[in-house]
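The values are calculated or read from the model by the stated rules, or taken from the named source; none is laboratory data. Computed from a predicted structure; not experimentally measured. Because the Cβ atoms are built from the backbone with ideal geometry, glycine has one as well, and the counts that use them run over all protein chains shown.
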Amino acid sequence: MPTYVGFSTINAEKPRTVNEIGGIDNTGDLIKNPLVYGKKYRLTDAELVIQDLVNALNIRKGEKVGQPAYGTRLWDFVFDPNTRDVTQQLENELQRVVAQDPRLNVNRIRAYTRENGILVEMELAVTPFNNAGDLNLFFDNQSNSASIVTQ
């Protein structure tokens, strides 16, 4: 499983190293103490896969440059009435987006319309680990973003 180690861009414009006087002729050509600014973070394995899914669900269909078929139509359902047909279409669309990532196995998907968005409850397993877990997402129409709901 790939491991992604990233960094934030906070203070990215600041220098990363300090040139100290050194070298043979004391001209400062020797770099001794690297300085690293900014908050470091690490996304690995299962967290990375979940974040990739959330990113995919935040992209509306047709928004990604050069890939008009990529993305989701979930945002089109936000103001639709809460009927059985709309709920089934929501769940089918979620199933389609999740099926695009071979690292995910879906056990259960349920979607509920709310006052200003859509609440989605999924039971997912990341392929090599197969530890099934619940993921709750809220598609907020006011902020136009999907975010993980913690309980």
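Restricting attention to region 93-110, report how many residues are surrounded by 13 or more Cβ atoms within 10 Å (Cβ to Cβ) and part of a helix (DSSP H, G or I). Spell out how you get there, then give the answer.
Taking region 93-110 as the starting set, the residues that turn out to be surrounded by 13 or more Cβ atoms within 10 Å (Cβ to Cβ) are 93-94, 97-98, 101, 103-106, 109-110.
If we keep only those that are part of a helix (DSSP H, G or I) too, we end up with 93-94, 97-98.
Total meeting the criteria: 4.
Tell me whether region 137-150 contains one or more residues that are at positive phi and either in the same structural domain as LYS61 (by TED's automatic domain parsing) or among the basic types (Lys, Arg) (or both). Break it down into steps so the answer makes sense when it comes.
Here is the first cut: in region 137-150, the ones at positive phi are 144.
Right, trim to either in the same structural domain as LYS61 (by TED's automatic domain parsing) or among the basic types (Lys, Arg) (or both) and you get 144.
Yes.
Given the structure, is THR83 exposed (fewer than 11 other Cβ atoms within 10 Å of the Cβ) and modelled with pLDDT of 80 or more? Steps first, please.
Values: exposed (fewer than 11 other Cβ atoms within 10 Å of the Cβ): yes; modelled with pLDDT of 80 or more: yes.
Taking the combined requirement at face value, the residue satisfies it.
Filter region 48-84 for residues that are assigned to a helix (DSSP H, G or I) and over 16 Å from LEU124 (Cβ atoms) and give the result.
Going residue by residue through region 48-84, those that are assigned to a helix (DSSP H, G or I) are 48-58, 74-77, 84.
ASN58, LEU74, TRP75, ASP76, PHE77, ARG84, listed by residue number.
Considering only region 115-151, how many residues are loosely packed, with under 13 Cβ neighbours inside 10 Å and among the charged types (D, E, K, R)?
Counting residues in region 115-151 that are loosely packed, with under 13 Cβ neighbours inside 10 Å and among the charged types (D, E, K, R) gives 2.
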